1. Report, as a whole number in µm² per second, the diffusion coefficient that Stokes-Einstein gives for the chain at 10 °C and 1.306 mPa s using the Kirkwood radius over alpha carbon pairs.
2. If you project the alpha carbons of the range 173-242 onto the principal axes, what extent comes out on each, in Å, largest first?
3. So if the hydrodynamic radius of the range 39-141 is defined as the Kirkwood radius over C-alpha pairs, what does Stokes-Einstein give as its diffusion coefficient at 20 °C and 1.002 mPa s, in µm² per second?
4. Against the globular-protein guess of 2.2 N^0.38 Å, express the Cα radius of gyration of the range 206-321 as a ratio, rounded to two decimals.
5. Per DSSP H run of n ≥ 4, the term is -39500 (n - 2.57); total these for the chain, divide by its residue number, and report the mean residue ellipticity at 222 nm rounded to 500 deg cm²/dmol.
6. With +1 on each Lys and Arg Cβ and -1 on each Asp and Glu Cβ, how big is the dipole of the chain about its Cα centre, in debye rounded to the nearest 20?
Amino acid sequence: MATPLGSLRRLVLAPSLHSVTFAGRKFPVTRTPATDRLEMIPQSVVVGFEWGIESRGTAEVEQRLAMVEPEMRGFAYEGAAMAFTVRDAIRGHRTGELILGSGRPHFFLAYIGIGFAMARLPRPLWRKILPDLSDIPFHPTMSWLAVDGYGFDLAYFHTARWVDQQQRPVPYPWEGHPGYFLRAVDQGIGRALWFIHGGRPTAVAAAVARFAEDRRADLWSGVGLAATFAGGATAAELARMRDTAARDGYAADLAVGAVFAVKARHYADFVPGHTVAAASALTGLGIEEAVDLADRTEVERTGTGPEPQYELWRRNIRTQWLSTVVTPSHEE
């Protein structure tokens, strides 16, 4: 049950469901059954946020999240993690409780939810918003998904500035790597392009091509992640998008994003049919093969260097994919 204060927080902070629809955002999308399904994703995030921002405790939110259909449940956890991060920035440790509890299978998306909160919090508060998730084997390597989420939020809610005008935020020393911050932001912007254009691969590819060349690899990686995790396009459309990326030299970057999406879906123990189809179209791999590629290229969580371990893992996936999977039909 919500408290009066919780209801006030929801009223002030929660986006409306209409505000995250294609019409509400004024995105150039023609409605189809596929876009209707894609539109449910940001709405699921909003529902999770509403539950998290007004709840008395974590247990109540977990009970509500359990009722969300499996395909959308991770997105609802994303929204709940966003709400708890906003609340924890003032006081509390709800985000860690959620992710280490029932949210463990969805921790990839929970990081993205933390990034959504970052877009709404002053930067001085960022240094304490990432909970201690050392019990999860991919932490802190995958915490860069929070920066990805931050970039997605900028592009989705402020499209004119970050997509049309292609502005870039001020770097931030996330995990001690300010130089990589903007690259992770671009990966999130690439994911947002998939939603901004309603999962239409031709429009998404054209949008990527309008950015400066040095940003396109990360944008394509974000596109691959969104297309594989969220769905919205047919296998034939995805194959044509892969060929477009390959002609410009970005097939491997697209594949890296797709492999991470498969890993996240598999880790949550729910792999929808559209993820299977996208993995095949964008990487030439089956689900187990893509998971194996991610697992055998993972880097150790020790030591420091000029690049974050997250990027080293991505690079390993890229290298292995190019050397073992690429066929003459889509060589770079």
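Here, each number is a calculation from the coordinates, and none is a lab measurement. Worth saying up front: this structure is predicted, and the values here are computed from it rather than measured. Because the Cβ atoms are built from the backbone with ideal geometry, glycine has one as well, and the counts that use them run over all protein chains shown.
1. On the way: Rh = 19.6 Å.
Answer from the Stokes-Einstein relation: 81 µm²/s.
2. Here the Cα extents, ordered largest to smallest, are 41, 23, 18 Å.
3. Details: Rh = 13.2 Å.
Rounded to a whole number, D works out at 163 µm²/s.
4. On the way: Rg = 13.8 Å, N = 116, 2.2 N^0.38 = 13.4 Å.
Ratio of Rg to 2.2 N^0.38 Å for the range 206-321: 1.03.
5. Values: 16 runs with 210 residues, N = 332.
Counting only the DSSP helices, I get -20000 deg cm²/dmol.
6. On the way: 35 positive and 36 negative charges, 217 e Å.
Rounded to the nearest 20 debye, it is 1040 debye.
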